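For reference, the structure is listed below as structure tokens.
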């Protein structure tokens, strides 16, 4: 009964979405307040009905109701409760219901917190948001119904993919979807603005918090997925340029560009057309990611489904909203007149450079992702585009972005003198050169990647510190330090996020340049050396888990005669799915990780053991956390939280971005 109630609630939510997509648009066009006012309660009702539907499906998973086809295919009575719940979205149908839940949640939030918006803009934005919902309600009800009953319920289910039975993967999809779907709000605001023919500073202030929230969620989701791949898959990497990884990374790049572009619209009433275009493309790339994951056109270990019918439906949604948005943009772009004039050296020019680098790097990733498909269709050749291409084509744009970011962040609006801006940054530049040179000296005979990455990361981190410090005005050091706490949160948010990107650059370059790898057959109680560490395989034993069988090794790690860690890598086999997994054992430290994977037994009594010494790996996720924290700081700034004008700064410093 609960399952049928969930299905019925989903149908009612779809009907509500249809009403919300039509009535407020007509009301806004006719200037009928009553019709426009339908949007807010409809958005809330739509969310509540979708939440009821999602709760009913969750109920079926928690109670292991194997009369539901989706539960049978993705759950098992022996699964821990966390993975029963995460099994709700660990499949195609459930993940689409989660997508809809988040989509309607954002619409409801606009209804709850958008009271300061002009009624016509709010009505149109909610109508566009609901139109996206109508398309996905149709998709899930017609092709991906999660509530289908089985004629004969089995005694038990087939279980969830063992790779997904991990805390990192339990939380990774919801955060990623909050980012993906959150960009629909920027899209809805952009289309509403095009319909109204009005893009101004007020519009930019309204759209920025929604975009920033989506970017923060995407950052967290991508970082969680990267961390999961690092410790769970057993190959020791944090990023493989897999198509689905790229599908989340491309909207992240465009959302970052959109955030910076909206600053120019807000402060200088320039780049209006470009900002609208970025809002359309950012959500369009989110839909491209949905298509890649669910169509099967590109092979990926992350794919949810391999169903051409579903792929065609999603492709139609992509064409409708992205193509329709671009068509409307082409028709109305001439009405978005830029008012601000700025020089070649100015904050505006710095942000334009930022946008170019981010947008072109996104295009590079897009080309590398779809090229295997293009090659197969048009040239009848199967090929793969792997990390070498992406590293070579993508890295130069990030290097230029890293060099320009500290300078661009300190440029004044309209006109600037480059020498005056660079002067306070000279200590940060000297420190960056010093550390990069030290790394080059110590790593005789190796590539430039490590020193260059260390230089760029240090430059970005201390450039951000300098930027914050210069905003405290003039006077004694003590007085200026006292003013730091009174700076707007957006200033701190920008500095923390930019510094976080620098920390991530240090981590990525350090790991790729200085990693040590060892693969061998190890024997019980026979020590071996990897870099500066001595490792000893002490034993290998059977260790059954709650729903798997485990072969667990014990590895003692020593350095300079001192015990460092005892690691227990595993190989697990899940009997229900008959699928093995590798569980790496990692000694996490700030400056390095020792990463050990135990493999299959050998005929001579040894075991295959793979060992990595990974410098600065954790800096990648520390930097990601700092980027997300910087976004949260900015969101908490009153000016962006309520889309109001900035209060007068008590410090007399330079206004925030």
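Readers should treat all values here as calculations from the given coordinates under stated rules, not as data from a laboratory. Every value quoted in this text rests on a predicted model; they were computed, and no experiment measured them. In this analysis, Cβ positions are derived from the backbone assuming ideal geometry, glycine residues included, and neighbour counts consider all displayed protein chains.
The eigenvalues of the Cα gyration tensor, multiplied by 5 and square-rooted, give the range 58-148 an equivalent ellipsoid with semi-axes of 33, 15, 8 Å from largest to smallest. Two numbers describe the Cα atoms of the range 1-165: Rg and Dmax, which are 17.9, 59 Å. Each peptide in 238-247, 397-406 receives the mean, over its residues, of other Cβ atoms within 10 Å, and ordering these scores from highest gives 238-247, 397-406. Cα-based radius of gyration for the range 540-585, normalised by 2.2 N^0.38 Å, reads 1.41. For the chain, the equivalent ellipsoid derived from the Cα gyration tensor has semi-axes of 41, 37, 21 Å, listed largest first.
Taking the Kirkwood radius as Rh and the Cα radius of gyration as Rg, the range 121-276 has a ratio of Rg/Rh equal to 1.08.
Each distinct pair of alpha carbons in the range 193-255 adds a 1/r term; the inverse of their mean, the Kirkwood radius, is 13.8 Å.
Using a cutoff of 8 angstrom between alpha carbon atoms and counting only pairs six or more residues apart, the relative contact order for the range 1-165 works out to 36 percent. Ranked by the mean number of other Cβ atoms within 10 Å of their residues, highest first, the peptides 366-375, 452-461 come out as 452-461, 366-375. Could you give log10 I(q)/I(0) at q = 0.19, 0.24 Å⁻¹ for the range 382-481, computed by the Debye formula over C-alpha point scatterers of equal weight, without solvent? Debye output, listed in q order: -0.98, -1.24. Look at the alpha carbon pairs under 8 Å that are at least 6 residues apart: their mean separation over the length of the chain gives a relative contact order of 12 percent.
Computed over every Cα-Cα pair of the range 432-480 and binned at 5 Å starting from 0, the pair-distance distribution P(r) comes out as 5, 22, 19, 13, 10, 11, 9, 6, 3, 1 percent. Taking N as the residue count of the range 443-576, its C-alpha radius of gyration divided by 2.2 N^0.38 Å amounts to 1.68. Annotation for the range 127-185 versus the range 513-536: alpha-carbon center distance of 43 Å. I need the fraction of alpha carbon pairs in the range 516-617 separated by more than 24 Å, rounded to a whole percent. Counting pairs separated by more than 24 Å, the tail of P(r) holds 23 percent.
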